[in-house]
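Colleague: Take a look at this one; I'll ask things after.
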Amino acid sequence: HFFLLCSTFWFYKIYVSTRSMASKTPVGFIGLGNMGSPMAKNLLKNGYPVIATDVFPQSCKELQDTGAQVVDSPADVAEKADRIITMLPSSPNVIEVYTGPNGILKKVKKGTLLIDSSTIDPAVSREMAVAAEKKGAVFMDAPVSGGVGAASMAKLTFMVGGVVEEYNAAKELLTCMGANVIYCGQVGTGQAAKICNNMLLAIGMIGTAETMNLGIRLGLDPKLLAKILNMSSGRCWSSDTYNPVPGVMEGVPSANNYQGGFGTTLMAKDLGLAQNTATNTKTPVPLGSLAHQIYRVMCSRGYANKDFSSVFQFLREEDGQ
């Protein structure tokens with residue numbers, strides 16, 4: 001009986017591991033920047049073979065060293081994988097990677113699942129979905145919130161838009177890279193949720209920076225002021241998790257001369273997307289518009305590559321401090 005029990009156990013173990021390995025067919029990954037690279041590494045950690053490409057060879061080499069197969073173009077990725085994730089800077093990059101001469105749709109296989117985690121115009125997501133459908137592929141938008149730290153720790157939040165029948169297939173991959181995966185509705189709704197979140201984030205960060213600057217000028221210790229805000233009704237993510245004042249918190253960009261994190265250029269881009277959609281839907285966004293203007297000015301004043309919390313430093317310079 002003992003021998004029979006052991007045999008059954010080992011057969012079951014081999015069967016289960018074979019099944020789980022069989023489901024882990026290669027995943028394509030295009031765009032290995034600050035966010036894409038840690039996301040792709042988390043797929044590798046979860047046992048998925050990754051076939052990757054990026055316009056910068058150095059990004060590819062780092063991922064190759066951790067076990068990924070690197071190819072020359074998005075079309076080559078599409079030839080080798082029937083699940084592909086893209087993480088790109090902007091709408092034009094997404095259009096190029098999907099529909100360009102060496103794009104995914106040149107060699108995409110029927111039934112391929114395409115997941116775009118870039119933050120782009122919802123209208124572009126819808127265009128890509130139509131183009132993919134013509135090739136027999138399925139496109140979903142799945143932009144992320146959480147930043148580079150969350151990407152490294154697989155704690156991102158994914159906002160997913162697309163046909164509900166494909167949601168579980170997308171979720172299987174996204175849960176390897178994030179703590180929260182939320183279905184938002186049809187293609188483009190994931191982008192809509194992300195754009196709305198980042199508009200509020202920008203407004204909140206500017207408000208926190210203004211408040212901290214005023215308090216400091218009134219003689220308050222910045223750590224004390226942050227503590228009071230965070231136990232009062234003014235508390236927000238920018239004050240309690242990502243404070244923009246150097247010396248108030250450790251492990252955030254303000255503690256490292258605003259290096260890393262979420263760049264001012266990217267925030268200006270996202271606010272531009274919010275502005276476009278607000279114009280198209282005739283939605284009043286006075287604070288969103290002002291935030292867009294502030295971040296655009298910052299880009300022209302040497303803050304483009306600094307974290308968006310550097311708005312505190314920008315305001316200090318503006319008031320002559």
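Colleague: Taking the condition among the hydroxyl-bearing types (S, T, Y) and under 27 Å from T279 (Cα atoms), does S118 pass? Show your work before the answer.
Modeller: Details: among the hydroxyl-bearing types (S, T, Y): yes; under 27 Å from T279 (Cα atoms): yes.
Considered against the rule, which asks whether it is among the hydroxyl-bearing types (S, T, Y) and under 27 Å from T279 (Cα atoms), S118 comes out as yes.
Colleague: Continuing with this model, one more query. Pick out the one residue from A278, A291 that is open to solvent by less than 40 Å² (accessible area, probe 1.4 Å), free of Cβ contacts under 8 Å to residues at least 12 places away in the same chain and within 15 Å of I203 (Cβ to Cβ). Step through it out loud before you land on a result.
Modeller: Details: A291 fails: free of Cβ contacts under 8 Å to residues at least 12 places away in the same chain.
Unique residue meeting the criteria: A278.
Colleague: Turning to a different aspect of this structure: Which ranges mark the helices (runs of 4 or more DSSP H) fully within the stretch 113-186 that have 1 or more residues being of a type in the set (D, E, K, R)? Quick ask: steps written out before the conclusion?
Modeller: On the way: elements: 122-134, 147-152, 167-174.
Qualifying helices (runs of 4 or more DSSP H): 122-134, 167-174.
Colleague: Here is a further query. Applying the selection to the stretch 170-183, what residues are open to solvent by 40 Å² or more (accessible area, probe 1.4 Å) and among the aliphatic types (A, V, I, L, M)?
Modeller: Residues of the stretch 170-183 open to solvent by 40 Å² or more (accessible area, probe 1.4 Å): 171-172, 175, 179-180, 182-183.
Hits for the stretch 170-183 are A179, I182.
Colleague: Looking only at helices (runs of 4 or more DSSP H) that fall completely inside the stretch 1-98, which ones have 1 or more residues that are at pLDDT 95 or above and surrounded by fewer than 23 Cβ atoms within 10 Å (Cβ to Cβ)?
Modeller: Details: elements: 2-23, 36-45, 57-65, 74-80.
Per the criteria, 36-45, 74-80.
Colleague: In addition: Quick one: is K227 closer than 28 Å to T119 by Cα and basic (K, R)?
Modeller: Against the criterion (closer than 28 Å to T119 by Cα and basic (K, R)), K227 does not qualify.
Colleague: Another question, then. Just wondering, is there one or more residues in the stretch 246-260 that are under 28 Å from F158 (Cα atoms), surrounded by 20 or more Cβ atoms within 10 Å (Cβ to Cβ), at pLDDT 95 or above and among the aromatic types (F, W, Y)?
Modeller: Yes, the stretch 246-260 has at least one match.
Colleague: When both residues are 6+ apart or on different chains and their Cβ atoms are under 7 Å apart, which pairs have a first residue that lies in the stretch 308-319 and is farther than 10 Å from P244 by Cβ and in contact (Cβ under 8 Å) with a residue 40 or more places away in the chain, and a second that is open to solvent by 10 Å² or more (accessible area, probe 1.4 Å) and in a helix (DSSP H, G or I)?
Modeller: So the pair list comes out as R316/N213.
Colleague: Just a yes or no: is a residue in the stretch 184-194 open to solvent by 50 Å² or more (accessible area, probe 1.4 Å) and either β-branched (V, I, T) or over 18 Å from M128 (Cα atoms) (or both)?
Modeller: The answer is no, given that none of the residues of the stretch 184-194 is open to solvent by 50 Å² or more (accessible area, probe 1.4 Å) and either β-branched (V, I, T) or over 18 Å from M128 (Cα atoms) (or both).
The values are calculated or read from the model by the stated rules, or taken from the named source; none is laboratory data. Predicted, not measured: the structure shown is a model, and the values here were computed from it. Glycine gets a Cβ as well: all are built from the backbone with ideal geometry, and neighbour counts include every protein chain shown. For accessibility, only protein heavy atoms count, side chains too; no ligands or nucleic acids. Shrake-Rupley method; radii C 1.70, N 1.55, O 1.52, S 1.80 Å.
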